[in-house]
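The values are calculated or read from the model by the stated rules, or taken from the named source; none is laboratory data. This one's a predicted model, so the numbers in the text were calculated from it and none came from an experiment. Neighbour counts run over all protein chains shown; Cβ positions are idealised from the backbone, glycine included. Areas reflect the complete protein model, heavy atoms only, side chains present, ligands, DNA and RNA absent. Shrake-Rupley method; radii C 1.70, N 1.55, O 1.52, S 1.80 Å.
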Amino acid sequence: MNADAKPILVIGGGIAGITAAVEAAEVGYRVVLVEKEAYLGGRVMRMYRYFPKMCPPTCGFEINARRIRQNPRIVVHTQSTVEELSGTAGDFKVRIRKRPRYVTGKCSVDDSVLERLTSTRVNDFNQGMDETKALYYPHDMAYPPIHVLDREALSEADEELLKEICPPEALDLEMEEEELKIGVGAVIVATGWQPYDATKLEHLKFGKCPNVLTNVMMERLAARGGPTRGEITRPSDGKSAENVAFVQCAGSRDENHLPYCSAVCCMASMKQARYLREKNENAKATIFYIDIRAVGRLEKFYFDLLEDSNISFVKGKVAEINEHPETRDLILDVEDTLSGEKLNQTFDLVVLATGIVPNSAETKLPIELKYDDYGFIDGTTSIDGVYAAGCATRPCDVSRTTKDSTAAALKAIQCLNRGE
Amino acid sequence: MIRMEDKIGVFICTGYGIAEALDVDALCKVATEEYSVPFCTTVDSCEGPGLDSINEAIEAQSLNKVVIAGISPRRYVDHQFPTAVIVEKIALREHVVWCQPAGEEDTQMLAEDYLRMYITKIQKMGFLEPFQPEEDIDTSILVVGGGVAGITAALEAAAAGYEVKLVEKTAELGGWLAKQHKSVPTRPPYRELEDTGVDELIARVQADPRIQVYTSATTGAIEGAPGLFDVTLKSAGNGKPVDEAIDKFRVGAIIQATGWTPKDPREDLEYGKLDDVIRNVELEALVKDKGRIVRPSDGKEVKSIAFIQCGGSAAKEHHSYCSSICCLTSLKQALYLRESDDDAKAYIFYEFIRTPGQYEDFYRRVQEDPGVFLTRGEVVDVTRNEDGGLTVTVRNTMPGEHIQVNVDLVVLAAGMVPNSADGEAIRALEDAKLKATDGKSGAQQKEAAEKVEQLARHEGTEILNLAYRQGPDLPTLEYDFPDSHFICFPYESRRTGIYPTGAVRQPMDGLAAREDAGGAALQAIQCIEMTSRGEAVHPRSGDKSYPDFFLQRCTQCKRCTEECPFGVLDEDAKGTPLLRATRCRRCGVCMGACPERIVSFKDYSVDMVASMLKAVNVPDEWDEKPRIAAFLCENDAFPALDLAGQHRIQFSPFVRVIPVRCLGSFNLVWVTEAISAGYDGVILIGCKYGDDYQCHFVKGSELAASRQTNVREKLEQMSMENERVELHQLQISEYERIPEIFNNFAELIEEIGMNPFKGM
Ligand SMILES: Cc1cc2nc3c(=O)[nH]c(=O)nc-3n(C[C@H](O)[C@H](O)[C@H](O)COP(=O)(O)OP(=O)(O)OC[C@H]3O[C@@H](n4cnc5c(N)ncnc54)[C@H](O)[C@@H]3O)c2cc1C
Ligand code: SF4
Ligand code: SF4
């Protein structure tokens, strides 16, 4: 234990970053955790349940949040990004940009305040399927448990209103962007992923037909905190979804889009088929796949679904989706690979199993890291003192993410202990 | 340590609508008049400046115990308060104001009761002194198993500055990786086979001054606890008599990296009957040893191979999990064949090809090879043909279509079985064996004999040989993989300080095993460091309390030693529990189990909770205001109550909620205490249990449920209706169910009537 060591910088506060941070801090090292969004937890906070146990991600998150709350060695910066990173293993200099939250956290904002506002913003937490007020609470379990003000969405009238009704210590409309400069000994990059942009899959009509969704939207539809309070309904008319198609490898395993396999979407669709079946005992699901990739102990989940006569698996590629102009049902042209037949089936809702794109494909950190062709960070050949974990390195599920971020925490600690 | 005089301060917050909903003066009176607390004040907020003023008062008044009635404890960060002060927070906002109508008598009563309960609680709480064993904590790490996971764990721990003892059963390090010719690609562009790198890994281990290697050795006995494990190694050959003790040493933590064994393949495919039907591991050995692929039956150079993957309906009967490496292995081995001869043909018959992530690039690379034929279908038959080769029959490549191919060799994708042992089952087997001969009655002996038969497969399977009361190895979950919360907290095992890694933990490829080992090394190091500080490891990370057993009153009933989910308690010859404190996870299950109520923590005890129950003002029967005690698991149900408040869901004002560390820490006596204090009923809410359990202490909520029979007996003794105690399982996200549960129960009490003991 090198108690005087410099802190470890963790970039990204998803499940990977949180895990790396708490595991290192519990050994006894200091950690600075930098998260771009206003809350910790990353993508999994928007998931209804985890495969294969069908347990809510908030269950583990609550424990992790407690570990963070109780540990003075962890400092969290939300709405922050790393603007500059230089130096070498054991001695990095970091410049962090912290965007203003406008809510001080020194005094809770009462819900009655939000009710009186009229300006709204698109709710990215619910994948844009509903809105929040310009002053909002990120989500039920938000950590840090502090409201956020979207200054751009705030109308002038609302601004005046806030000045009038909100206690002055709660809100600081003059809050400015902050710049922090710190020295750290090692860096863990856990910047995670985003869903593949489904509008690029023109034949699947996402964005054109309202009843074609992506899997990340489906997670929000099933969740109680989602736009439909947990009812799986059709966006076009709010009717309960009775017959749902899941289109696997939507973008993935396709050289024109994502050549790699996104590793989690087979399980995600099977999980979502179970959401549907649990919420509506008459509903039917059909999964169109190339291979069912239920690896390791996850295979049992697939075997269990085979027992459900309302769930069908069809090996086939969806060639095109068309919408019925009146019912807004969706007609899928599929080539059944096993029979060679062309199928033509109608569904009332379609879920595209879109894949995982590393955030690092688009936004590079201000340090020369090695990436593979897809923008995933090449964990083995990066700079000494900088380690990557989670979906920043490969598409993977949470159990893989938590273990490789634990391993990354050790790498960082080794770096701090060198020469001791 | 000098015993500090308690000086309690109570802060009642008037912000957040609290002053509008409640009579704050009356609340203050509860503190100052009923409890005569030396210091009580109102604050207009308990965040920001409000919190500063609380801290100033703590200092000015030299308070060492503080109750803040304001917002939920989940809204604070611990280090906002001086470390030497015990701070208890009451969520007046979330649990009262937000879910009860303002200004009502019942709302006020609820708030006052919470204040009474928490002042009583803090009175009963002692200052924590972390557990420090008499001997020094050892900081070295034992790694059992010298395959890629074990080697990597050893190297990683050593690189962080820790001494390592690496024990390998065979004469060589390297495990299965050393038996492989090449490895699948692990680096961009993920197309070409790589060297396994095993020689370099082994050389690094041998050169590392912090790592001591023992080959041809196994662990004969492991006694003790984290920081204090005493290990005896025994010989597994190498010139020495097998089982002879060869070394003894102490370590602080243990990593189990005992790997896997190939699974027996499907019998109908003639493995073991036809020489030229082999498993993937045997093909690997052939290539590695001979450098080329020859037919086992006649030594002929192999020109064609059929690889048979797990697929088809047969798969489901044969196995229930996917080994995650067989697809990659067959793709790799197809390339071995193709590299040996340009005209060679490799057929791969599969149901699904599983190459997740960037391994897809490798799959594509193999697909591009004109000599590899990937065909979906079910292999139904393998027979010897006239040419001395094998004929493989494949069904349903297209509906109803059968094909046959002739090949020189058939390779079966054999899966992985973990080299694990189920410690609990081994212990149960031993117990049953004893009972089968010494059982009290014939029926008992017969039952025990049946159990022996059932558990026979565990005979002699010990690996770690832990001298633990609950058995010599880690408890297992499905498919013999060690029990853990494998999604969120994959390393957590049920034996503190012992971390499984690699293929023994779940099926994984070599790259995954290397990463996995790094994580396990971190966990071992973390356990050592936290143990040295006297802190609990996950999930009550950093907790400095620990259970104290008042053994003079122990009746040796063994409930605690049997029920502790983490095997913390050993027994002496009489059956008295021996606490191995550094193994403890502080769940309180032992406290819940003990009928003599001799287990307590300084800050959590049977008496403390009973006193909280009694602190509540229970109205007389004719007031028609029932009182219900609700015990909520503090990890899930209790935070969910915050969410119910956040959503302003209203519920019965008659419920008094007490958070518990785990529902397993619920002691039966609390039912008796509640009923005799005049409560009309008791609700218990814990985590989901069963196969997909969510209980953070694994067995806690399940134990609470299994103890319900005793609860019912107790109720009967008191001539009380069974319905007066209810147990529910709840996920943290199901917050809306809590008000439902409370309201339904309040209605039920109305139906069955008030507790006749009230006011007695
Ligand atoms: C539809 C779907 C369902 C799924 N369901 C499951 C499931 O049931 N079970 C399961 O195990 N897995 C599931 N997964 C996979 C799971 O989502 C991932 O394993 C997990 O999110 C990976 O966590 P992460 O921390 O690596 O990434 P993320 O969750 O993306 O976290 C990265 C964090 O970093 C932040 N960040 C990004 N860039 C920066 C920057 N420059 N500076 C600061 N911060 C930054 C982001 O805001 C984010 O908070 C599912 C995936 C999909 C697509
Ligand atoms: S996990 Fe399944 S759906 Fe996702 S890319 Fe891979 S094969 Fe396709
Ligand atoms: S039951 Fe819990 S508190 Fe008691 S000894 Fe076991 S781990 Fe410790």
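For chain B, the Cα gyration tensor yields ellipsoid semi-axes of 58, 29, 27 Å (square root of five times each eigenvalue, largest first, whole Å).
Per residue, the protein assembly as shown exposes an accessible area of 37 Å² to a 1.4 Å probe, with every protein chain left in place. Remark: spin-label model distance A:VAL122-B:ASP548 equals 6.0 nm, labels positioned 7 Å along the Cα→Cβ axis.
Just the number, please: percent antiparallel of the DSSP beta bridges in chain B, rounded to the nearest 5. Before the final figure, lay out each step's value.
On the way: 37 of 102 bridges.
The antiparallel proportion sits near 35 percent.
Measuring how big the stretch B:264-414 is from its alpha-carbon positions, Rg and Dmax come out at 14.3, 43 Å.
How much of the accessible area of the protein assembly as shown, probe 1.4 Å, is carbon plus sulfur, in whole percent?
Values: 20420 of 44200 Å².
Carbon plus sulfur share of accessible area: 46 percent.
What are the membrane-span-like helices in chain B by this rule: whole DSSP H runs, Cα extent along the axis at least 20 Å, mean Kyte-Doolittle hydropathy at least 0.0? Walk me through the numbers before you get to the answer.
Details: long enough: B:105-124 (28 Å, -0.76); B:326-340 (21 Å, 0.20); B:423-438 (22 Å, -0.51); B:510-532 (33 Å, 0.31); B:737-752 (22 Å, 0.13).
Within chain B the helices that satisfy the rule are B:326-340, B:510-532, B:737-752.
Report, as a whole number in µm² per second, the diffusion coefficient that Stokes-Einstein gives for the stretch B:628-702 at 10 °C and 1.306 mPa s using the Kirkwood radius over alpha carbon pairs. Each step should come with its number before you reach the end.
Working: Rh = 13.1 Å.
Roughly 121 µm²/s, to the nearest whole number.
In the assembled protein chains, A:MET217 presents an accessible area of approximately 30 Å² (probe radius 1.4 Å). Express the relative contact order of the stretch B:596-675 as a whole percentage, based on alpha carbon pairs under 8 Å and six or more residues apart in sequence. Computed value for the stretch B:596-675: 38 percent relative contact order. Calculated on C-alpha atoms, the gyration radius of the stretch B:636-760 divided by its Kirkwood radius gives an Rg/Rh of 0.96.
Averaged over residues, the count of other Cβ atoms within 10 Å places the peptides B:51-59, A:25-33 in the sequence A:25-33, B:51-59, highest first. Among A:VAL264, A:VAL148, A:VAL113, the largest mean-square fluctuation in a Gaussian network model of chain A (Cα springs under 10 Å) belongs to A:VAL113. A simple charge model with +1 on the Cβ of Lys and Arg, -1 on the Cβ of Asp and Glu and nothing else charged puts the dipole of chain A at about 1280 debye relative to its Cα centre.
In the stretch A:333-391 the Cα-Cα distances spread across 10 Å bins starting at 0 as 17, 32, 13, 19, 16, 3 percent of all pairs.
Legend: P(r) of the stretch A:1-143 from all alpha carbon pair distances, 5 Å bins from 0, whole percents, reading 2, 8, 15, 18, 19, 16, 10, 7, 3, 1, 0. With the whole protein complex present, B:LYS300 retains an accessible surface near 80 Å², based on a 1.4 Å probe. With r as the distance between the Cβ atoms of B:ARG457 and B:THR215 and R0 = 30 Å, compute the FRET efficiency 1/(1 + (r/R0)^6) and round to 0.05. In this case the efficiency is close to 0.55. Sorted from greatest to least, the principal axis extents spanned by the alpha carbons of chain A come out as 67, 56, 34 Å.
Measuring only protein heavy atoms, the 1.4 Å probe finds B:TYR479 accessible over about 50 Å². In the protein assembly as shown, if the dipole is taken from +1 on Lys/Arg beta carbons and -1 on Asp/Glu beta carbons about the Cα centre, which of B:LEU477, B:THR42, B:SER665 is farthest to the positive end? Farthest towards the positive end: B:LEU477. By the Stokes-Einstein formula, at 1.002 mPa s and 20 °C, the stretch A:90-223 with its Kirkwood radius over alpha-carbon pairs has D equal to 120 µm²/s. Once you divide the Cα radius of gyration of the stretch A:111-165 by 2.2 N^0.38 Å, the number left is 1.10. In this simple spin-label approximation, A:ASP4 and A:SER155 carry label points 7 Å from Cα along the Cα→Cβ vector, and these lie 6.0 nm apart.
To the nearest ten degrees, helix A:57-70 and the longest principal axis of the Cα atoms of chain A are 0 degrees apart. Within the stretch B:146-228, none of the chymotrypsin sites (Phe, Trp or Tyr not before Pro) combine a DSSP coil assignment with at most 12 other C-beta atoms in a 10 angstrom radius.
Please give the peptides A:209-215, B:450-456, B:342-348 ranked by average Cβ packing (other Cβ atoms within 10 Å per residue), highest first, as a rough proxy for protection. Walk me through the numbers on the way to the answer.
Working: A:209-215: 22.9, B:450-456: 14.3, B:342-348: 18.0.
Those peptides, ordered most packed to least, come out A:209-215, B:342-348, B:450-456.
Segment A:ASP237..A:GLU362, full-extension length gain: 41.5 nm, with 0.36 nm per residue of separation and the alpha-carbon distance subtracted. Helical content of chain B, expressed as a calculated mean residue ellipticity at 222 nm, amounts to -9000 deg cm²/dmol (DSSP H runs of 4 or more residues, -39,500 (n - 2.57) each, divided by residue number, nearest 500).
How much net charge surrounds B:LYS182 when only the other residues with a Cβ under 11 Å from the Cβ of B:LYS182 are counted, with Lys and Arg +1 and Asp and Glu -1?
Working: positive: B:LYS288, B:LYS332; negative: B:GLU192, B:GLU194, B:ASP195, B:GLU284, B:GLU339.
Net charge in that neighbourhood comes out at -3.
Taking square-rooted eigenvalues a ≥ b ≥ c of the alpha carbon gyration tensor, is the stretch B:1-127 rounded, prolate or oblate, where a/c under 1.5 means rounded and, failing that, a/b exceeding b/c means prolate?
Details: a/c = 1.89, a/b = 1.47, b/c = 1.29.
It is prolate, given that a/c is not under 1.5 and a/b is the larger ratio.
Starting from a Cα-only point model with no solvent, please compute log10 I(q)/I(0) by Debye for the stretch B:117-181 at q = 0.16, 0.17, 0.19 1/Å. Relative scattering, expressed as log10 I(q)/I(0), comes to -0.66, -0.70, -0.79. Work through the residues other than B:ALA346 whose Cβ is under 14 Å from its Cβ and net out their charges, Lys, Arg +1 and Asp, Glu -1. My count for the surroundings of B:ALA346 gives -2.
Based on a Kirkwood Rh over C-alpha pairs, give the Stokes-Einstein translational diffusion coefficient of the stretch B:125-224 at 20 °C and viscosity 1.002 mPa s in µm²/s. D, rounded to a whole number, is 136 µm²/s.
About the Cα centre, and with charges only on the beta carbon of Lys, Arg (+1) and Asp, Glu (-1), how big is the dipole of the stretch B:540-586? Nearest 20 debye, please. Write out the running numbers ahead of the final one.
Numbers: 10 positive and 7 negative charges, 35 e Å.
For this selection, approximately 160 debye.
The Cα trace of the stretch B:356-515 gives Rg and Dmax of 23.7, 72 Å, the first to one decimal, the second as a whole number.
Tally Lys and Arg at +1 and Asp and Glu at -1 over the other residues with C-beta under 12 Å from the C-beta of B:ASP408: what net charge comes out?
Numbers: positive: B:ARG295, B:LYS300, B:LYS303, B:LYS345, B:ARG384; negative: B:ASP275, B:ASP276, B:ASP298, B:GLU301, B:ASP341, B:ASP387.
That sum, taken over residues with Cβ under 12 Å, equals -1.
Dividing the mean sequence gap of close Cα pairs (under 8 Å, 6+ apart) by how many residues chain B holds gives a relative contact order of 12 percent. Largest first, the three principal axis extents of the alpha carbons in the stretch A:282-351 are 43, 30, 17 Å in whole numbers. For the pair the stretch B:400-414 / the stretch B:479-533, the C-alpha centres are spaced 39 Å from each other. Across the stretch A:197-354 the C-alpha pair distances fall into 5 Å bins from zero in the proportions 2, 9, 20, 23, 23, 15, 7, 1, 0 percent. Distance from the C-alpha centroid of the stretch A:68-146 to that of the stretch A:197-273: 27 Å, rounded to the whole angstrom. For a test of the definition: using alpha carbon positions, the gyration tensor, and the 1.5 limit on a/c, classify the protein assembly as shown as rounded, prolate or oblate. Verdict is prolate for the protein assembly as shown. Derived value for the stretch B:388-439: Kirkwood hydrodynamic radius 16.1 Å. Basis is the mean of 1/r over every pair of different alpha-carbon atoms. Applying 1/(1 + (r/R0)^6) with R0 = 60 Å to the Cβ-Cβ distance of A:LYS93 and B:GLU33 gives a FRET efficiency near 0.55.
Averaging Cα coordinates gives a centre for the stretch B:646-721 and one for the stretch B:51-78; these two points are 30 Å apart. With each pseudo-label sitting 7 Å past Cα toward Cβ, what's the B:LYS440-A:ILE383 distance in nm, one decimal? A separation of 7.2 nm, rounded to one decimal place. For the modelled label position 7 Å from the Cα of B:LYS290 along Cα-to-Cβ, which residues of the stretch B:169-194 have backbone nitrogen atoms closer than 18 Å? Only B:179-182 pass the distance filter.
If you take the alpha carbon atoms of the stretch B:449-496 and fit the smallest convex hull around them, that volume is 97 Å³ per residue.
Sorted by mean Cβ packing within 10 Å, highest first, what order do the peptides B:225-232, A:345-352 take?
On the way: B:225-232: 21.8, A:345-352: 24.0.
With the highest mean Cβ count within 10 Å placed first, the list reads A:345-352, B:225-232.
Would you mind getting me the FRET efficiency between B:GLU104 and B:THR41? Use the beta-carbon distance for r and R0 = 25 Å, nearest 0.05. E(calc), rounded to 0.05, equals 0.50.
Using only DSSP helix segments of four residues or longer, with each worth -39500 (n - 2.57), what per-residue ellipticity at 222 nm results for chain A after dividing by its residue count and rounding to 500? All intermediate terms of the calculation are to be shown ahead of the outcome.
Numbers: 8 runs with 94 residues, N = 420.
Per the formula, -7000 deg cm²/dmol.
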